[in-house]
Amino acid sequence: MILWIFGDSFSTDYRVDLNESWPSIIGKQLDCKVKNFAHCAVDNFFIYSQYLEQKSNIKDSDIVIIQWSNPSRKMFIYNKDNKKHKLEYLAVTRNSRTYFRCLPNTDQDKWGLINLQTNTSGIEFFDTWYEDYYNSYESSVNLQAYQDATKKENITHLYFDKIFNYIKNHKLYISEDNLHPDVSGHAKLAEIIMEKLKWTIK
């Protein structure tokens, strides 16, 4: 049995030791190999694409956890010929393609939740896209489509807002300026997620 993880930074070992992250804790408890494809800063299309690339390798006896990101988060494919594209933003490279998005405006949004949805960043490329093309309904519909396309008995879904609210409300974050779970937060998340997995483990 293999434990497959797909998601954003909440599902990685961001600022904690690998063995202290919830995917590793759960892997030890289940005594199985962990294949973690989560990446920091990614959007839901990236997460869904990662799952599709690995789908043929996943067996029915495996356990899959897909942790969906904030629906308002949007990544773009880097084009080196576009002068408005700069890799000083958050970037992830996969299959020789680089995807990037803007950093949140920390003065207006220290938790990184807005992601330019309501506040401008001062960066023309991102602000133009969110003003002219962004639609919250479309983002929520896209997420629902990804969820519907990944419904299987061995797949458990987790959600950005629920993780964020739990970590924030219980003060299990790294610092006041960093929403990511600390060591205690990862341990508690592992406990909660294991309860959810009991319904999928045969």
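Each reported figure results from applying straightforward, stated rules to the coordinates on display, with no laboratory input. From a predicted model like this one, the values you see are computed outputs, not experimental measurements. Virtual Cβ from ideal backbone geometry, glycine too; neighbours counted across all protein chains shown.
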Checklist entry - Around Asp43, what is the net charge, scoring Lys/Arg as +1 and Asp/Glu as -1 over all other residues with Cβ under 10 Å from its Cβ? => result +2
Checklist entry - Roughly what % of Cα-Cα distances in segment 1-68 sit above 18 Å, to the whole percent? => result 34
Next on the checklist: Between Phe46, Phe125, Phe37, where does the largest GNM mean-square fluctuation fall for the chain, given springs only between Cα atoms within less than 10 Å?
Outcome noted: Phe125
Next on the checklist: Looking at the chain, identify the longest residue range that excludes and avoids all GluC sites (Glu not before Pro) in DSSP loops having at most 11 other Cβ atoms within 10 Å.
Outcome noted: 1-87
Checklist outcome for this item: Label model pair Lys86, Glu191: point-to-point distance (7 angstrom along the Cα→beta-carbon line) in nm is 4.5
Checklist entry - Setting aside same-chain residues fewer than 8 positions from Lys188, which lysines have a Cα under 19 Å from its Cα? => result Lys28, Lys162, Lys168, Lys171, Lys196, Lys198
Next on the checklist: Give me Asp161, Asp81 sorted ascending by neighbouring Cβ count inside 10 Å, so fewest comes first.
Outcome noted: Asp81, Asp161
Item to check | Cβ-derived FRET efficiency at R0 35 Å, Asp177 paired with Phe45, nearest 0.05 | outcome: 0.80
Next on the checklist: Give me the net charge for the shell around Ile192: Cβ to Cβ below 13 angstrom, other residues only, Lys and Arg +1, Asp and Glu -1.
Outcome noted: +2
Checklist outcome for this item: Phi angles of segment 150-159, converted by Karplus (6.51 cos²θ - 1.76 cosθ + 1.60, θ = phi - 60°) into ³J(HN,Hα) in whole Hz with x for Gly and Pro, give 10, 7, 8, 4, 9, 10, 10, 9, 10, 10
Item to check | Segment Tyr14-His157, length gained on full extension (0.36 nm per residue, minus Cα span) | outcome: 49.5 nm
Item to check | 3J(HN,Hα) from dihedral phi, segment 63-80, Karplus parametrisation 6.51/-1.76/1.60, rounded to Hz, x for glycine, proline | outcome: 10, 10, 10, 10, 9, 7, 8, 4, x, 7, 6, 9, 10, 10, 7, 5, 10, 5
Checklist entry - With a ≥ b ≥ c the root eigenvalues of the C-alpha gyration tensor of segment 125-202, is it rounded (a/c under 1.5), prolate (a/b larger than b/c) or oblate? => result oblate
